[in-house]
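Written below as structure tokens is the structure these notes are about.
The values are calculated or read from the model by the stated rules, or taken from the named source; none is laboratory data. Note that the structure is a prediction, hence the values are computed from the model and not measured. Here the Cβ positions follow ideal geometry from the backbone for every residue, glycine too, while neighbour counts run over all protein chains shown.
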Amino acid sequence: MRAGTISATFRSLSNRNFRYLWFGQVLSATAMHADMVARAWLVWDLTGSSASVASVLIARAVPMLILGLIGGVAADRFNRRNLLMIIQGWTMLMHVLMAVLLLTDLIELWHVYVLAFGLGAGLAMNQPVRTSIIPNLVEKKDMLNAMSLNSIAINSTRFIGPAAISALIILTDVGWAYIWATAAYGLVLWSTGKIVIPESQVRRSVGNPFNQLVEGFIYIGRHRVILALVLLGLGPLAIGFSHQILLPQLVEEQYGRGIGLMGLLQSVGAIGGLSGGLFIASRQEVSYKGRLMLLAAISYGIALLGFAGANHMWMAFPLIIWIGASQTLFRAGNTATLMEVSPDRLRGRITSATLLDTALSPLAGLAAGFAADLWGVSYGYILLSVACLSVVAITMLIYPKIKDV
């Protein structure tokens, strides 16, 4: 990659405030990957059930259905940086509690559910606040670049994070994954504290919070392009993403391996995510975001179907890379488009509506988990593939113009 291309790819990082926000994203992503690997393997080890793994994710997702919407209203009403720091402090506390329970050998399954709910509450508030800050820091022409760099932050840590955490768990104990997550969030708080949002970019909403929440839904309902973007997100962001709950069963029953292979697969998937993120970030302008999102969503569904026939271990590696690229291309295009077409005073609430997609992911995972437990892991992947592709078809029927966004 030439010097000019590298400069263009990472141009949003020339902004000091975005750089601190991005650094915090890198650190919080490492903590997220540590939690995902440790929690999934812990529950699988305790129960031996993919449905149980999915049920813990449901406990984490429940707050997103309620608090995510509240977080969107809060992001439009209060100082976004200070609010983000409070949320990050709460998340750090959840990791501390999990580490203490594990390292003192006091952990019980109900603890996992309760703390998953607590982490979900933090995530529900975090996403609309963090995302709505980005348009306050970068120019509109760099919006897609900034969103792509966010994806690069997540996938660059996923490249080594899950494998490293898996190795740490093998060498020590699951609790040490949460020690790392706690330390990472300490640095996240420091990084967020360095952000200064220009006063000229601050447009805080005032009025009755409930009316503001309703206002956000009315705006989405009246603007079909936003409604279509949220609906399309159900495919890759909700249904497709839930395939991760099937990984413990896939690696143990299909391939006869353990947590080492699960962590390696998640890390290898980051190759696709990084490739997709670098492709988007290196573009000065993308005028085909609608087609890109549709292609990525369809590609995701096909890759999931491929997993259903992945009888040999080597087949899982190209498929997980394929999924990683599709996920990143879709998320960057979808989020950037939503931010571009939304007024600043409503960005928090509109972003929070996409959390409904994320919150439904464990429900899709639960259905896939039951199918996997009853008939085999391949049937779980088939179910997710059909559902993901069906969402794309329904969105195209409802709003065919989405391809021209």
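Out of the residues in the range 75-91 that are in contact with a Gly (Cβ under 7 Å, 6 or more places away or on another chain) and more than 17 Å from LEU21 (Cβ to Cβ), which is surrounded by the most Cβ atoms within 10 Å (Cβ to Cβ)?
ASP76
For the range 56-68, give me the residue count where each residue is surrounded by 22 or more Cβ atoms within 10 Å (Cβ to Cβ) and either more than 23 Å from LEU189 (Cβ to Cβ) or of a type in the set (Gly, Ala, Ser) (or both).
So the answer is 4.
Tally time: how many residues in the range 392-405 are touching a helix residue (DSSP H, G or I) at 6+ places or on another chain (Cβ under 6 Å) and either hydroxyl-bearing (Ser, Thr, Tyr) or farther than 16 Å from LEU292 by Cα (or both)?
The total comes to 2.
Could you please tell me which pairs satisfy a Cβ distance under 6 Å, a separation of 6+ or placement on different chains, a first residue in the range 293-309 that is within 19 Å of ILE402 (Cβ to Cβ), and a second residue that is of a type in the set (Lys, Arg)?
Listed by first residue and then by second, the contacts come to LEU294/LYS403.
Only one of LEU278, LEU264 is within 19 Å of SER148 (Cα to Cα), modelled with pLDDT under 85 and not in a loop (DSSP other than H, G, I, E, B). Can you tell me which?
After applying the criteria, what remains is LEU278.
Only residues that are β-branched (Val, Ile, Thr) and buried (at least 24 other Cβ atoms within 10 Å of the Cβ): list them for the range 325-351, please.
THR328, THR335, ILE350, THR351 - these are the residues of the range 325-351 that are β-branched (Val, Ile, Thr) and buried (at least 24 other Cβ atoms within 10 Å of the Cβ).
Out of the range 33-48, which residues are in contact (Cβ under 8 Å) with a residue 60 or more places away in the chain, of a type outside the set (S, T, N, Q) and farther than 12 Å from SER166 by Cα?
VAL43, TRP44, LEU46
Go through ALA167, ALA184 for me and flag whichever is touching a residue at least 12 places away in the same chain (Cβ under 8 Å), out of contact with any Asp or Glu (no Cβ under 8 Å at 6 or more places or on another chain) and more than 23 Å from ALA61 (Cα to Cα).
ALA167
When you check LEU383 against the structure, is it free of Cβ contacts under 8 Å to residues at least 60 places away in the same chain, crowded, with 19+ Cβ neighbours inside 10 Å and part of a helix (DSSP H, G or I), yes or no?
Criteria met by LEU383.
Which pairs turn up if I take residues in the range 49-69 that are under 13 Å from GLY122 (Cβ atoms) and among the basic types (Lys, Arg) and look for partners that are crowded, with 21+ Cβ neighbours inside 10 Å and at pLDDT 75 or above with beta carbon separation below 8 Å, at least 6 apart in sequence or on another chain?
Every condition considered, the pairs that remain are ARG60/ALA116; ARG60/LEU119; ARG60/GLY120; ARG60/LEU123.
For the range 71-125, what are the residues that are more than 24 Å from GLN212 (Cβ to Cβ) and among the small types (Gly, Ala, Ser)?
Selection gives GLY89, ALA99, ALA116, GLY118.
Would it be correct to say that ALA368 is modelled with pLDDT of 85 or more, in contact with a Ser or Thr (Cβ under 8 Å, 6 or more places away or on another chain) and among the aliphatic types (A, V, I, L, M)?
yes
Can you tell me which residue is nearest to GLY48 (Cα to Cα) among those in the range 347-405 that are in contact with a Phe, Trp or Tyr (Cβ under 6 Å, 6 or more places away or on another chain) and among the hydroxyl-bearing types (Ser, Thr, Tyr)?
Ranking the qualifying residues of the range 347-405, first place goes to TYR381.
Anything in the range 210-260 that is farther than 23 Å from MET64 by Cα and buried (at least 20 other Cβ atoms within 10 Å of the Cβ)? List them, or say none.
Passing the criteria: LEU247, PRO248, GLN249, LEU250, VAL251, ILE259.
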